[in-house]
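The values are calculated or read from the model by the stated rules, or taken from the named source; none is laboratory data. Predicted model only: the values in this text are computed from it and were never measured. Every residue, glycine as well, gets a Cβ built from its backbone with ideal geometry; the counts of neighbours run over all protein chains shown.
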Amino acid sequence: MARDYYEILGVSQSAGADAIKKSYRKLAMKYHPDRNPGDSEAEQAFKECTEAYEVLSDDRKRRIYDTYGHEGLRDSGYRGPGNFEDVFSGFGDIFGDLFGFGSSRSGSRRNGPVAGSDLRYDITISFMEAVHGVTKEVELTRPDTCWTCEGSGCRPGYQRQTCPACNGRGQVVRSQGFFQVSSTCPQCQGEGSIITEPCDDCRGTGLVGKTKRVSIKIPAGVDSGARMRLKGEGEGGRRGGEAGDLYVMISVEPHEFFRRDGDDIYVRLPLAMVDAALGVKTEVITIHGKKTLSIPEGTQSGEVFTLRGEGVANLRGRGRGDMHVEIHVQTPTDLCDKQKDLLRDFDTLCEEHGQKQEHEGFFSKLVNEVIGKKN
């Protein structure tokens, strides 16, 4: 089981950024591989505290970790600092420039494979595409590994040369009084080597823009905010490194009639006053097709009827949600004289059968309560 990041750095969960950085500096000094050559335990401790610092020093990652723990970080796409190349490149300000470490290994590590960056693509789909699933073909232009130099950045037949300014270390050292301070080499930008004969196609970057059609298979049941990861569809790698991933962020358009809450669907059904009073069997449209709904006599506006299993398919395979139909009784308008007379007769019959007492009783009670309070 992964250790708690706060425990690793020896700080409390409420620790501020300065306290976290200070603790990490101390541990980095203690366990840095250049101070502990050949010590695998120190190397592991260094990686562990570096991973903890990388998470806790990043506000977004820290919020995810505090809320969901290690599993939440994995679900968000975080894969840790990786190998020493990732560690050194990401934290040079902590132990490189400040402490002068890493110069002995910078040349070899920076000339190794470089993985491509992850990319993001935002896509908007319709309500029905989200509930039923859809496959989208999109055209992306992204940085891809140069086909001429295979990502090396060098013209075919040539290789990178050792940087003459830092002799391949990637850092230069300057004296300040009694101290020696190392900093990133300005000529090779810390690479330890330079390209003397750049590739004509990528101009030494190792990457070229490439347009590609990508098929995105969106499963049934997704909702706005869902994210899909397409492995290897991100930026191309350099010097033999693997390509990054493509993260597809999904937005769903609202529907004119249906409303969704989780796996359940909600809809309002207009119903004639006569049908609500006498009851009726009527067809309703669900997201899966037509269904018959029995409306009992005396149904009131606002009553809700549920159709089991007529909702959205659960993304984790736990069946389907339900569809909830809210009745909206419609009052007739633009009546002719005969219709009005019939309704007056109906009203008289209601009064004779004592069916108006509920309204009158409510009105009398309300009047007495208001007048009683005033008096």
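Tabulated data for the structure shown
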| read-out | value |
| --- | --- |
| Members of region 216-258 found to be more than 20 Å from ALA313 (Cα to Cα) and β-branched (Val, Ile, Thr), listed by number | VAL248 |
| Restricting region 258-282 to residues that are without any contact (Cβ under 8 Å) to a residue 24 or more places away in the chain and surrounded by fewer than 16 Cβ atoms within 10 Å (Cβ to Cβ), the residue that is nearest to the chain's Cα centre (by Cα) | ASP261 |
| Test: residue in region 169-182 that is farther than 24 Å from CYS146 by Cα, among the β-branched types (Val, Ile, Thr), within 25 Å of the chain's Cα centre (by Cα) and modelled with pLDDT of 85 or more | no |
| CYS188 modelled with pLDDT of 90 or more, outside the structural domain of GLY321 (by TED's automatic domain parsing) and of a type outside the set (S, T, N, Q) | no |
| First in region 114-132 and closer than 26 Å to THR286 by Cβ, second anywhere and of a type in the set (Ser, Thr, Tyr), Cβ under 6 Å, 6 or more apart | THR124/SER251 |
| Entirely in region 231-324, the strands (runs of 3 or more DSSP E) that have 1 or more residues that are at negative phi and among the hydroxyl-bearing types (Ser, Thr, Tyr) | 246-252, 264-272, 280-286, 289-295, 304-307 |
| Matching residues, region 150-205, being among the aromatic types (Phe, Trp, Tyr) and in a loop (DSSP other than H, G, I, E, B) | TYR158, PHE178 |
| Flag if TYR121 is closer than 30 Å to ARG229 by Cα and either β-branched (Val, Ile, Thr) or surrounded by 15 or more Cβ atoms within 10 Å (Cβ to Cβ) (or both) | yes |
| Verdict on LEU335 being farther than 30 Å from GLY221 by Cα and assigned to a loop (DSSP other than H, G, I, E, B) | yes |
| Selection from region 31-43 of residues that are charged (D, E, K, R) and free of Cβ contacts under 8 Å to residues at least 12 places away in the same chain | ASP39, GLU41 |
| Among (1) closer than 28 Å to ASP118 by Cα; (2) at pLDDT below 85, the one test that GLN44 misses | (2) |
